[in-house]
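Enquirer: Submitted below is the structure of interest, expressed as C-alpha cells.
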Amino acid sequence: MTRARLSLERRGTVDDELRAPIAESWRRCLAAGLDPLKPPQMEVVEESTLREMRQRRDLLRRLAIGEMENLYHQIAGTNFMIAFASADGILLDAITDPTFSAAARATTIRPGSVWGETRCGTNALGTVLASGKPITVHGAEHFFSRYGALTCTATPVFGADGTLAGVLDASSDCRSRQEHTRALVSMAATQIENGIFREHHRSDVLISFHNRPEYLHTLSAGLLAVDPDGTILAANARARFLLQGLPAMRGRHFAEIFRTRFNALLMACRQDAQQRLEDRVGSAFTAKVENLRYARPVPVAGIPAPSEAASVARVPTPRPAPLVVEDRAVVAALRRLEAAVARRLPVLIRGETGTGKEQVARHAHAVSGRTGAFVPVNCAALPDTLVEAEVFGHAEGAFTGARRGGAPGLVREADGGTLFLDEIGDMKLSLQSVLLRLLDDWTVRPVGGGRPKQVDVLLVAATNVALEEAVAAGRFRADLFYRLATVDITLPPLRERGDFAAIARHVLATVAPGWRIEDDAVSCLAERAWPGNIRELRAALARLTLGELSGVIDLAMLRSQADQVRRPAPGAPPDTLRGAMRRQIREVFRQTGGNISQTARRLSISRNTVYRALPGFSEVVNEKKT
C-alpha cells in the first residue's frame, strides 16, 4: 500500500497490485482531474435544501433510520458512525459514537455533506454510487490521505423499481476495524429494500418464497409483487437470484415462471399460510401470499367463464394461460371442458403426442376451484403386480414390501382435487376393472383391509390411442370407455391449428425469454409436419436459440441451421441441449479472448458454468480430487 501511495502521489499512476475495485476508483478519480495531494473543499448543501431532501424521502429515511439504530447496537466496540446518503451522494442522516465525533468533525462527515467520488475521491459512499456495488475502503485505500485513518464499509440500497435509492455506510477508526461489519451493513440494506418493496406494493398481491421453509421469514426470501391478474409488477433482488434464468420481470406473467397455477396458489394460501411453489425448471419453493384481500380470480382469454351458479368456488386459469387459445377448435374444446368441470363429469382428452393434453388437464383442475392436489398418473408405467395398491392404497402388511403404516394411494392423494390418468389407452386390464368400480360409487377400498373412504375427485383421462379400436381388439373395456368418454374432446395436431404463429412465439418466450421470431421464419416453420407437435417445436426452438447470440430467429438462421430443426436420422446421436450450450460457451469464450468473467456476463451464467464447459475442466477437477 505504501508503494501504491507513492506511485499515486508522485507519478499519478495506479499500481497494478491494488485490489481491482480500488484501482478502478483511483483511475476514475485521476480521469476526473483530482490531485491526491490537493483535496478540494468539502461541498455541503444548505440546511433548507437538506430539510427539503429529507421530506421528499420521508419513507426511505424512516426505514433507513430504523435500521441504522439497529446497526448501531449490533456493531461492537467504539469509534464508529452509521450514515445514510441519498442517490445524489448527500449524507442525509448519521448516528455517531461519542468517541468518533472528533474524527467526524475533522473529516467533515456530517449531514448535508456531499460524498460523490469525483469530488471526494475514493470513499465507500462515493465509490458505491459510482459502481453500484458494496465495498470496504480501508485506510490508505482512500484517494485522499485525509481519510486514511478510517475504514468505511458501504452498500447500495435499491428501490422497488430496481434503481439506486441510497447508500448505507458504517465508518470506524482503522484500529476498530470489524470483519463482520460488511455482512451486518448488507443485512440492514436488504431490510430497508424489503421495507420499500412492501410499502410500494402495499395494494398488490405479494408472494414471498424460498427453497428452504425455515428461511421463508428471513432476509433470504424472495419477494414477488403481482397484480390481481397474475401479471408481475416487480421482483426483489433475492427473487431474481432464486429465479435466475426465468423471466421474473415486470410485465411477464406468473404462469411463465411457475408451474403452480396462480389462482390455485391463492386459493390454497387462504386455507394454509404456507404452500409449495414449483417453477418452470422444476425447482421447488415454500411460499406464502400477503395482501390476499387484493387477489381476485380472472377468466382465460377467449373462453367465457361458467356461471357462478354452476361453480361458486371457480378459480379460472390466469391470463395469459400456458395454453394458447386462438384456434377455434381448441376454444370450442375448452368451453366444453369447463362446462364438464363445473358439473364434475369425467373428461377424456384425445390427441397426438405433444399436443398439450396434460396442459389441458391442468387447466381443468385450475378452473375447477378445487383446493386439493393435481395428481398425474402414467398408466403405462404402473407396475403390473402392485397396480391396485398404488392406485387405491394398502394397509400395513398387505403384501411383501408393503410400507410401514400402509399408503393412501393415488386416488386418496387426489381427494378434493384432480386425478389425471395419462396414457389411459395403455392401462392394464386388471386396473380397468377396479377403476370402473371406483367410478360407480367413488369409494376407495385399500388393499389388505382398512376402512373404505368416500372421495371427491375430478377425473380427467388422456390418450393418443384410438380407444374404439382398442375396445374392438379386446384391449380396453367397453363399459369403462363409455364412462370415461362422458365428455370427449380432441386436440388438433399442430399442423392443423390456425394459431401456429401464436404457439411458436409463446413457446419461444418460455424456452428463450427475450428472443423474438420474424414472420417469414414462422411461416417457414409452419410448413413442417411436426409429428411431435408442440413438444417437437419446443425442442427445435431451444436448439436454435442455444446455437446463436443474435436474439432473433429469422429465415436466414433457419436456412443456415436447417439441421437443428430436422429430426435426427435413425441411429444418429442426438444433439443434446447440454452439448449445444457447451459449444455456445466455448464460442463466446473465444470471442472474448479467453475472458471467463466477460463470457459469464454475456451469457448471464455463472463462472463455474463457464469453467465446466471448457476443455480440460473435468481433467483438472479429477486431478485435484486425486
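Enquirer: Which pairs do you get when a residue that is within 23 Å of Asn533 (Cβ to Cβ), found in the stretch 336-356, comes within reach of a residue that is among the aliphatic types (A, V, I, L, M) and part of a loop (DSSP other than H, G, I, E, B), reach meaning Cβ atoms under 6 angstrom, with the pair 6+ apart or on two chains?
Expert: Hits for this filter: Leu348/Ala485; Gly351/Leu491; Thr355/Leu491.
Enquirer: Looking at the stretch 1-40, which of its residues are within 18 Å of Ala154 (Cβ to Cβ) and either among the charged types (D, E, K, R) or in contact with a helix residue (DSSP H, G or I) (Cβ under 8 Å, 6 or more places away or on another chain) (or both)?
Expert: Arg19, Pro21, Ile22, Glu24, Ser25, Trp26, Arg28, Cys29
Enquirer: Now for a separate question. Suppose we filter Arg451, Arg475 for residues that are exposed (fewer than 13 other Cβ atoms within 10 Å of the Cβ) and not in a helix (DSSP H, G or I); which single one remains?
Expert: Arg451
Enquirer: Pick from the stretch 414-429 the residues that are of a type in the set (A, V, I, L, M, F, W, C) and crowded, with 20+ Cβ neighbours inside 10 Å: which of them is farthest from Val341 (Cα to Cα)?
Expert: Met427
Enquirer: All but one of (1) surrounded by fewer than 19 Cβ atoms within 10 Å (Cβ to Cβ); (2) more than 28 Å from Thr127 (Cβ to Cβ); (3) touching a residue at least 60 places away in the same chain (Cβ under 8 Å); (4) not small (Gly, Ala, Ser) hold for Thr218; state the number of the condition that does not hold.
Expert: Only one criterion in (1) surrounded by fewer than 19 Cβ atoms within 10 Å (Cβ to Cβ); (2) more than 28 Å from Thr127 (Cβ to Cβ); (3) touching a residue at least 60 places away in the same chain (Cβ under 8 Å); (4) not small (Gly, Ala, Ser) is unmet by Thr218, namely (3).
Enquirer: Kindly evaluate Leu439 against the criterion of being of a type outside the set (Val, Ile, Thr), surrounded by 19 or more Cβ atoms within 10 Å (Cβ to Cβ) and either modelled with pLDDT of 90 or more or within 29 Å of Val367 (Cα to Cα) (or both).
Expert: Here the answer is no, as Leu439 does not meet what is asked.
Enquirer: Tell me yes or no: at least one residue of the stretch 187-203 is without any contact (Cβ under 8 Å) to a residue 60 or more places away in the chain, over 19 Å from Leu59 (Cα atoms) and not in a strand (DSSP E or B).
Expert: Looking for residues that are without any contact (Cβ under 8 Å) to a residue 60 or more places away in the chain, over 19 Å from Leu59 (Cα atoms) and not in a strand (DSSP E or B), one finds none in the stretch 187-203, hence no.
Enquirer: Shifting gears a bit: Report, by residue number, each residue of the stretch 537-550 that is surrounded by fewer than 16 Cβ atoms within 10 Å (Cβ to Cβ) and at pLDDT 80 or above.
Expert: Once the filter is applied, which keeps residues that are surrounded by fewer than 16 Cβ atoms within 10 Å (Cβ to Cβ) and at pLDDT 80 or above, the stretch 537-550 yields nothing.
The values are calculated or read from the model by the stated rules, or taken from the named source; none is laboratory data. Note that the coordinates shown come from a computational prediction; the quantities given were computed from them, not determined experimentally. FYI the Cβ positions are ideal-geometry reconstructions off the backbone, even for glycines, and counts take in every protein chain you see.
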